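Each remark here refers to the structure printed beneath this line.
The values are calculated or read from the model by the stated rules, or taken from the named source; none is laboratory data. Note that the coordinates shown come from a computational prediction; the quantities given were computed from them, not determined experimentally. Positions of Cβ are generated from backbone atoms using ideal geometry, with glycine treated the same way; all protein chains shown enter the neighbour counts. Side chains are part of the model used for accessible areas, which takes the heavy atoms of the whole protein and leaves out ligands, DNA and RNA. Shrake-Rupley method; radii C 1.70, N 1.55, O 1.52, S 1.80 Å.
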Amino acid sequence: MSQTKQELRTKLREARTNMDEASRTRENAAIIANVSYYIRSKQPKRIAAYVPVRTEPGGRLLLDALHAETSALILPVSLEDRRLDWALYEGPTSLVPGAFGIQEPGGTRLGPEALNFCDLVIAPALACTPSGIRLGKGGGFYDRALATGVKADVVTLLFNGEIRDDIEVEEHDLPVNVIITPAGVRNLGA
């Protein structure tokens, strides 16, 4: 892992942690409105997303907003080999602590290939290049999951200021199709 990428991850995590609550609440509300608008325009039948931690875009209200927009919302279950399995989201009470301390759905697992049956994938990121290359948290979980030939549109949610030119791009990095921020929806095609 590049030292430059690790330093940038640290800087971005600190910025998210230090964001004041009023700004976080305002930006999360705008992100949820924009992602809901995007979903309504696309009408996907099955969406894959993630459970945001407190400092991630969308915050604690994101899952219920997504769940209201689709008939099937699946969330990741982290496996020990750094791959992702998936399970259906059945509401906040269905979430349990996962292998890495992140909340995960506790229901029946659908298998790693469940991602290939989604119409839309919302992948987490700390930042993204203007061309859509995402900077993840460094574990490679989503890089591996998206490299399996996922045909769905891949979206990432970011706070204002997290689209950056200074992200080191590596050969294995795959672009997202859409970046959603509080400012709006940036469709990158693909």
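Scanning the range 147-166 for residues that are open to solvent by 20 Å² or more (accessible area, probe 1.4 Å) and at negative phi gives Ala147, Thr148, Val150, Lys151, Asp153, Asn160, Ile163, Arg164, Asp165, Asp166.
Could we say that Ile39 is farther than 17 Å from Asn177 by Cβ and either touching a Gly at 6+ places or on another chain (Cβ under 6 Å) or of a type in the set (Val, Ile, Thr) (or both) here?
On the way: farther than 17 Å from Asn177 by Cβ: no; either touching a Gly at 6+ places or on another chain (Cβ under 6 Å) or of a type in the set (Val, Ile, Thr) (or both): yes.
So Ile39 fails the test.
Just one residue in the set Asp173, Asp153 is at pLDDT below 95 and under 13 Å from Val35 (Cβ atoms); that residue is Asp153.
The set of residues in the range 132-190 that are touching a residue at least 60 places away in the same chain (Cβ under 8 Å), more than 21 Å from Asp119 (Cβ to Cβ) and among the aliphatic types (A, V, I, L, M) comprises Leu135, Leu158, Ile167, Ala183. Taken over the range 35-50, the criterion of being open to solvent by less than 20 Å² (accessible area, probe 1.4 Å) and within 18 Å of Pro105 (Cα to Cα) is satisfied by Ile47, Ala48, Ala49, Tyr50. Based on this model, can you work out whether Val53 counts as aliphatic (A, V, I, L, M) and surrounded by fewer than 17 Cβ atoms within 10 Å (Cβ to Cβ)? Criteria met by Val53.
The rows are residues; the columns are (1) of a type in the set (Lys, Arg); (2) touching a helix residue (DSSP H, G or I) at 6+ places or on another chain (Cβ under 6 Å); (3) part of a helix (DSSP H, G or I); (4) farther than 19 Å from Glu14 by Cα.
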residue	(1), (2), (3), (4)
Ala99	no, no, no, yes
Ala114	no, no, yes, yes
Ala125	no, no, no, no
Lys137	yes, no, no, no
Lys151	yes, no, no, yes
Val155	no, no, no, yes
Phe159	no, yes, no, no
